[in-house]
Amino acid sequence: MLSREQPMELILPCLYSELESDALKNILHELNKINFLNHIIIGLDKADQKQYLNAKKFFSILNAKHSILWNDGPRLRKLQNILHNEGIADVEDGKGKNVWYCIGYAISRNTAEAIAFHDCDIKTYDKNILIKLFYPLINRSMGYNFSKGYYPRYSDNNLNGRVTRLLVTPLVKSLIMLFGRNEYLEFIDSFKYPLAGEYAFKTHLLREIKIPSDWGLEIGILSELQRSYSNKLCCQVDLADQYDHKHQILSENNDSKGLSRMTIDITKAFLRKMATQGHTFNEESFRTLKATYYRRALDYIDIYKNDAKINGLSLDLNLEEKTVELFAENIIKAGKLFLSQPMEKPFIPSWQRVEYASPGFLTKLRRAVVEDNQ
């Protein structure tokens, strides 16, 4: 009944390479156990024509109606060029851009009351994740417009979640120490797992929200929500007793990929937000931030060591400290990039702006996706 009164849809940003994983196969298996999804939107990256046709066959096992956005196909590339020429959404390919076009397609369909998002590399996925994300939004007595998941991060007897544990938590605490408490930092600090890629929106929020195109996506979304909407409209949901997904490499020697790239992008997202609140940065302030972060992060390693011990998990203290050293270096790199790129556009514009800048674009997007899926 609720699914008819308040239609729900799911967005799955996906790399073609993930079609080969057991994780995505299990996700589709679990999705076929539920009957309340009105539509599934799959954003497919890194696929040539042969791979796209294979993807259509792969996803055809879904019981729910679904559409694939072939982001590398000629129809969508042509539309992307229209926005590039307008100076809109002229950003590098990646998860943020993929999610953004999926949101645009969902808006063009105009059939959902609530839309959930999650990645395609979740190894421990079950249908309850989606049920829990949607429930606070479709239960009218609760009154929430946004839900975000959290869960313990461990697998194979190891404590995981390095970027949240060793970067985001101590970095937010360090920013509070340096700049004092403010509503934004307290909002981020209130989330048990701010980098969780599982969340759901009431659809009307998606037309106005701006999102980053890089690894700062999850922090950027929370920043936009805090800026524009009441905290009372947001909730957190305990999604699972255990959660595991594909682990990124640390990439110590290449800061353009892996966790190294991720931590730079996330740090830049925090710096941009703090700057919009009137805080100024220079090389000295970044050195202070690095030193404060480094001390805080080492303190947290002691806490995580005890957490691991009491739960019978392993924790490599040498690797933990090496990771913190890399993340501290990346705070300085993020600071230098922030200072050297004052004209950088940190967000992809909202779809509301696109509708003004390129009237009829959403209709063209919907038509292109429909034609690709015929």
Task: Loop GluC sites (Glu not before Pro), segment 23-118 (other Cβ atoms within 10 Å of the site Cβ: 15 or fewer; DSSP) - done: GLU86, GLU92
- [ ] Just flag the trypsin sites (Lys or Arg not before Pro) in segment 6-77 sitting in loop per DSSP whose Cβ has no more than 15 other Cβ atoms within 10 Å.
- [x] LYS33, LYS46, LYS65
Task: Centroid-to-centroid separation of segment 225-241 and segment 359-374 [C-alpha atoms, Å] - done: 32 Å
- [ ] Have a look at the DSSP beta bridges in the chain and tell me what percent are antiparallel, nearest 5.
- [x] 30 percent
Task: Amide H partners (placed H, <5 Å) of LEU313, local residues excluded - done: none
Task: Charge tally in the Cβ shell below 14 Å around ASN182, where Lys, Arg are +1 and Asp, Glu are -1, ASN182 excluded - done: +1
Open item on the list: Along the charge dipole of the chain, pointing to its positive end and built from +1/-1 on Cβ of Lys, Arg, Asp and Glu, which listed residue (LEU19, GLY73, THR203) has its Cα farthest out?
Closed with: THR203
- [ ] Treating only the Cβ atoms of Lys and Arg (+1) and Asp and Glu (-1) as charged, compute the dipole magnitude of the chain about its Cα centre; round to the nearest 20 debye.
- [x] 820 debye
- [ ] Report, in order of residue number, the helices in the chain meeting two criteria: a C-alpha extent of 20 Å or more along the helix axis, and a mean Kyte-Doolittle hydropathy of at least -1.0; treat each whole DSSP H run as one helix.
- [x] 95-109, 258-276, 283-310, 317-340
Open item on the list: Distance between the C-alpha centers of segment 119-188 and segment 283-342? Whole Å please.
Closed with: 19 Å
TODO: Report ³J(HN,Hα) in whole Hz for each residue of segment 149-163, in order, from the Karplus equation J = 6.51 cos²θ - 1.76 cosθ + 1.60 where θ = phi - 60°; Gly and Pro get x.
DONE: x, 8, 5, x, 10, 8, 6, 6, 6, 10, 7, 10, x, 4, 5
Open item on the list: Check which residues have an amide H placed less than 5 Å from LEU12's amide H, if you skip close sequence neighbours.
Closed with: ILE41, ILE42, GLY43
- [ ] Return the FRET efficiency for the residue pair ASN26, ILE176: r is the Cβ-Cβ distance, R0 is 41 Å, and the value is rounded to the nearest 0.05.
- [x] 0.55
Task: 5 angstrom amide H check on THR124, placed H, neighbours 5+ away - done: ASP244
Task: Helix-only CD estimate at 222 nm, as mean residue ellipticity for the chain, using -39500 (n - 2.57) per DSSP H run (n ≥ 4) - done: -15500 deg cm²/dmol
- [ ] Evaluate the relative contact order of segment 49-180 (contact order divided by residue number), counting alpha-carbon pairs under 8 angstrom at least 6 apart; express in whole percent.
- [x] 9 percent
Open item on the list: With a cap of 12 neighbouring Cβ atoms within 10 Å, and only residues DSSP puts in a loop, list the GluC sites (Glu not before Pro) found in segment 322-374.
Closed with: GLU344
Open item on the list: Can you tell me, using C-alpha contacts under 8 Å and at least 6 residues apart, the relative contact order of the chain as a whole percent?
Closed with: 22 percent
Task: Contact order relative to length of segment 251-374, as percent, for alpha carbon pairs under 8 angstrom and 6 or more apart - done: 32 percent
Task: Simple spin-label estimate for SER340 and LEU233 in nanometres, 7 Å along Cα-Cβ - done: 3.9 nm
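FYI, it's all coordinate maths here, none of it is from the lab. Bear in mind that the values here come from a model prediction, so they are computed numbers and not experimental data. So basically every Cβ, Gly included, is an ideal-geometry build from the backbone, and we count neighbours across all protein chains shown.
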